[in-house]
Amino acid sequence: MLGIVITGHGMFASGLLQAVEQIIGKQPSCVAIDFPDGMTTEQLYQELYIAREASESGEGGVFLTDLLGGSPFRQAAQLALTDPQWQVITGTNMQLAVEMMMMRDEMNVVEFRDMALECGHRGLTSLWHQQQQQSKKQPPPDIDGI
């Protein structure tokens, strides 16, 4: 099973993990590392390092981060660059987290990375777009020629 480390600003990581577990249950080999106000980037790096080691099962893993270029992303990237069995996904949303947690047993870290991007994109939409999709799927009404 791939290890998962969720990280982000404020309480993003623990909040996301709590929400995921509310929907699909407790997640083994998954750790949330928050980056609250007042924590240094060095402290964050150390926490992520420990979390990576704690969630590692020998198959590698993925850092799920909140914001491209933010401190959690940059610190996770530094760790992933030293271990080719680890990837970093940024812009993590609930759609991505739930779907990928359920499928992580079935794929390697590269497959996970690529599928995660598809899941994340699928989860970003609007009500209007969903209504348009549904109206295209509805069959035309039966016309009896009258």
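The values are calculated or read from the model by the stated rules, or taken from the named source; none is laboratory data. Predicted, not measured: the structure shown is a model, and the values here were computed from it. No Cβ is skipped: glycine too gets one built from the backbone with ideal geometry, and neighbour counts run over all protein chains shown. Note: areas computed on protein heavy atoms with side chains; ligands, DNA, RNA excluded. Shrake-Rupley method; radii C 1.70, N 1.55, O 1.52, S 1.80 Å.
Label point 7 Å out from Arg74 along Cα-to-Cβ: which residues of segment 1-36 have amide N under 20 Å? Within reach of a label on Arg74: 6-13, 33-36.
Entry comment: accessible area of the chain is 58 Å² per residue, from protein heavy atoms only and a probe of 1.4 Å. Have a look at Leu124, His9, Val109 and report the one farthest towards the positive end of the charge dipole of the chain, computed about the Cα centre with Cβ charges (Lys/Arg +1, Asp/Glu -1). Positive-most Cα among the choices belongs to Leu124. Solvent-accessible surface (1.4 Å probe) assigned to Ile24 amounts to roughly 50 Å². Among the protein heavy atoms of the chain, carbon and sulfur supply 56% of the accessible surface, probe 1.4 Å, non-protein parts ignored. Computed extension length for Gln46-Met102: 17.4 nm, one decimal, from 0.36 nm per residue of separation with the Cα-Cα distance subtracted. Each of Thr40, Gln133, Ala80 was scored by the projection of its Cα onto the charge dipole of segment 3-137, and the greatest displacement toward the positive side belongs to Gln133; charges sit on the C-beta of Lys, Arg, Asp and Glu. For segment 1-30, the residues whose amide N sits under 17 Å from a probe point set 7 Å from the Cα of Thr82 along the beta carbon direction are 5. Accessible surface of Asp66, taken over heavy atoms with a 1.4 Å probe and every protein chain present, rounds to 30 Å². Here the sum of -39500 (n - 2.57) over DSSP H runs of 4 or more residues, divided by the residues of the chain, equals -16000 deg cm²/dmol at 222 nm, to the nearest 500. Within the chain, antiparallel bridges make up roughly 5 percent of the DSSP beta bridges whose residues both belong there. Against the criterion of solvent-accessible heavy-atom surface with a 1.4 angstrom probe, His129, His121 sort, most first, into His121, His129. What you get for segment 3-137, charging only the Cβ of Lys and Arg (+1) and of Asp and Glu (-1), is a dipole of about 560 debye around the Cα centre. Compared with the alpha-carbon gap, the fully stretched path from Met11 to Ala54 is longer by 13.5 nm at 0.36 nm per residue. With a 1.4 Å probe rolled over the protein heavy atoms of all chains, the accessible area of Arg104, Arg122 falls in the order Arg122, Arg104, largest first.
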